[in-house]
1. Identify, please: which residue in region 118-135 is open to solvent by less than 20 Å² (accessible area, probe 1.4 Å) and not β-branched (Val, Ile, Thr) and is, among those, farthest from PHE8 (Cα to Cα)?
2. Sort out which residues of region 97-116 are assigned to a helix (DSSP H, G or I), surrounded by fewer than 20 Cβ atoms within 10 Å (Cβ to Cβ), without any contact (Cβ under 8 Å) to a residue 60 or more places away in the chain and out of contact with any Asp or Glu (no Cβ under 7 Å at 6 or more places or on another chain), and write them in order of number.
3. Any idea which of THR285, THR329, THR299 is under 25 Å from LEU357 (Cα atoms), modelled with pLDDT of 95 or more, crowded, with 18+ Cβ neighbours inside 10 Å and among the hydroxyl-bearing types (Ser, Thr, Tyr)?
4. Give the residue that is surrounded by the fewest Cβ atoms within 10 Å (Cβ to Cβ), with candidates limited to residues of region 33-48 that are without any contact (Cβ under 8 Å) to a residue 40 or more places away in the chain and among the hydrophobic types (A, V, I, L, M, F, W, C).
5. Could you please find all residues in region 1-32 being in contact (Cβ under 8 Å) with a residue 60 or more places away in the chain, assigned to a loop (DSSP other than H, G, I, E, B) and either open to solvent by 70 Å² or more (accessible area, probe 1.4 Å) or closer than 29 Å to VAL122 by Cβ (or both)?
6. Which of the residues that make up region 126-144 are touching a residue at least 24 places away in the same chain (Cβ under 8 Å), out of contact with any Ser or Thr (no Cβ under 7 Å at 6 or more places or on another chain) and over 20 Å from LYS154 (Cβ atoms)?
7. Going through LEU235, LEU239 one at a time, which residue ends up being over 24 Å from the mean Cα position of the chain (by Cα), at pLDDT 95 or above and open to solvent by 70 Å² or more (accessible area, probe 1.4 Å)?
Amino acid sequence: MNDKALSFSRKDPAKFFKTLNKRVNDYFKENELKKTGNWKLYTKAIIMFLLFIAPIILILTVDMPGWAQILGMAFVGFGMAGVGMNVMHDANHGSFSSKKWVNKLMGSSICLLAGNDYNWKVQHNVLHHTYTNIQGHDEDIDAGRIIRFSKHAKWYRIHKYQKYYAFFLYGFLTVNWAITTDFTQTYRYLKRRLAYGKYPNPASQWTKLIIGKILYYCVWIVIPLLAGFAWWEVLIGFLVMHYTAGIILSVIFQLAHVMPNTDMPMPDEQGNMKNTWAIHQLFTTSNFSPKNWFAEFYTGGLNRQVEHHLFANISHIHYSKIAKIVKETANEFSLPYNEYNSFLHAVGEHYNQLKVLGKKPNLA
């Protein structure tokens with residue numbers, strides 16, 4: 001990744017974000033609401049944890065045919081993604097609860113998902129939310145050589161076929177977390193002295209990461225083996241779980257940024273960006289299924305990425321209410337408010353974007 005410092009413009013004569021921020025703050029004051037989660041979020045957290053844990057308990061304790069076990073592990077992956085989007089995500093943004101210790105506890109649920117909270121906060125909160133869609137700075141659009149997510153990324157011949165294989169590879173997101181990604185990220189982030197908040201002691205971070213991985217593999221590998229499952233059964237179940245969670249998480253995140261209606265801006269030679277940070281978020285982010293209750297419920301409000309990127313400190317349970325304010329204010333200031341009415345339409349447009357980015361640049 002690029003270590004060159006970037007600067008967002010501070011020129012906003014129309015005062016878009018100041019106006020929007022005041023309107024959103026007024027909404028919470030007038031309705032006497034906290035910006036963090038409430039009973040709705042806590043109830044949802046219980047539901048997501050049950051979706052995650054209940055199937056694996058049944059598999060370990062009830063005699064069932066192989067196909068039912070595989071289906072059960074797919075449900076575990078479904079719950080795994082649900083915990084990540086509804087609990088871990090809000091908590092590691094500090095918006096799950098007004099109490100820091102609750103956010104820390106719920107944020108640590110990422111260990112059950114094969115991740116590490118330090119790495120996640122740096123990659124997501126610092127790099128992605130600050131430098132959204134900027135090649136060389138936002139790691140969420142860096143898939144190495146295998147997938148080209150940005151028109152500014154180097155083109156390789158294999159990219160001609162990414163429209164066929166990208167969705168298949170999306171399923172390996174959390175498998176990579178479990179095996180390699182956390183170790184390489186910790187090495188890079190500590191070397192660059194990156195942190196979200198206080199910079200961690202390197203020895204403590206490495207110790208926490210290694211112990212976390214050992215415990216993770218004890219839960220998902222050792223315990224099933226001790227319960228009498230064959231090694232190949234455990235391996236298949238592990239992969240089914242991760243593949244299900246991985247493809248859900250990957251697709252939902254890609255629909256927010258790698259779309260025909262989202263920009264991939266780059267800084268000038270001095271490292272200066274054209275827009276202010278808030279306006280940059282409008283140009284680089286997109287929503288989908290704004291009227292679909294299931295999308296809203298299950299994705300933890302990540303179908304409303306515009307609101308999330310502008311107000312990551314606000315819990316997702318409030319996004320549907322503040323969305324009207326954000327949309328009206330963006331329109332008032334003649335700024336984009338990117339949105340697709342349905343999930344399938346958004347998926348189709350993401351596929352089209354993969355196809356465009358897969359073309360050799362001088363032919364695109």
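The values are calculated or read from the model by the stated rules, or taken from the named source; none is laboratory data. Predicted model only: the values in this text are computed from it and were never measured. Neighbour counts are summed over all protein chains in view; Cβ atoms, including those assigned to glycine, are modelled from backbone coordinates with ideal geometry. Areas reflect the complete protein model, heavy atoms only, side chains present, ligands, DNA and RNA absent. Shrake-Rupley method; radii C 1.70, N 1.55, O 1.52, S 1.80 Å.
1. Let us first name the residues in region 118-135 that are open to solvent by less than 20 Å² (accessible area, probe 1.4 Å), namely 119, 122, 124-125, 127-129, 132-134.
Now restrict to residues that are not β-branched (Val, Ile, Thr): 119, 124-125, 127-129, 133.
On the way: ASN119: 24, HIS124: 18, ASN125: 17, LEU127: 14, HIS128: 14, HIS129: 13, ASN133: 13 Å.
Per the stated criteria, the residue is ASN119.
2. LYS100, TRP101, VAL102, LYS104, LEU105 - these are the residues of region 97-116 that are assigned to a helix (DSSP H, G or I), surrounded by fewer than 20 Cβ atoms within 10 Å (Cβ to Cβ), without any contact (Cβ under 8 Å) to a residue 60 or more places away in the chain and out of contact with any Asp or Glu (no Cβ under 7 Å at 6 or more places or on another chain).
3. Details: THR329 fails: under 25 Å from LEU357 (Cα atoms); THR299 fails: under 25 Å from LEU357 (Cα atoms).
The unique qualifying residue is THR285.
4. Of the residues in region 33-48, the ones without any contact (Cβ under 8 Å) to a residue 40 or more places away in the chain are 39, 42-43, 46-48.
Okay, now just the ones that are also among the hydrophobic types (A, V, I, L, M, F, W, C), so 39, 46-48.
Working: TRP39: 8, ILE46: 10, ILE47: 16, MET48: 25.
Only one residue fits best here, namely TRP39.
5. MET1, ASN2, ASP3, LYS4, ALA5, LEU6, PHE8, SER9, ARG10, LYS11, ASP12
6. VAL126, HIS129, THR130
7. Numbers: LEU239 fails: over 24 Å from the mean Cα position of the chain (by Cα).
Matching residue, one of LEU235, LEU239: LEU235.
Residue by residue, here is whether (1) touching a residue at least 40 places away in the same chain (Cβ under 8 Å); (2) part of a helix (DSSP H, G or I); (3) more than 29 Å from PHE75 (Cβ to Cβ) holds:
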site	(1), (2), (3)
LEU190	no, yes, yes
LYS198	no, no, yes
GLN205	yes, yes, yes
LYS208	yes, yes, yes
VAL234	no, yes, no
MET241	yes, yes, no
ILE248	yes, yes, no
LEU255	yes, yes, no
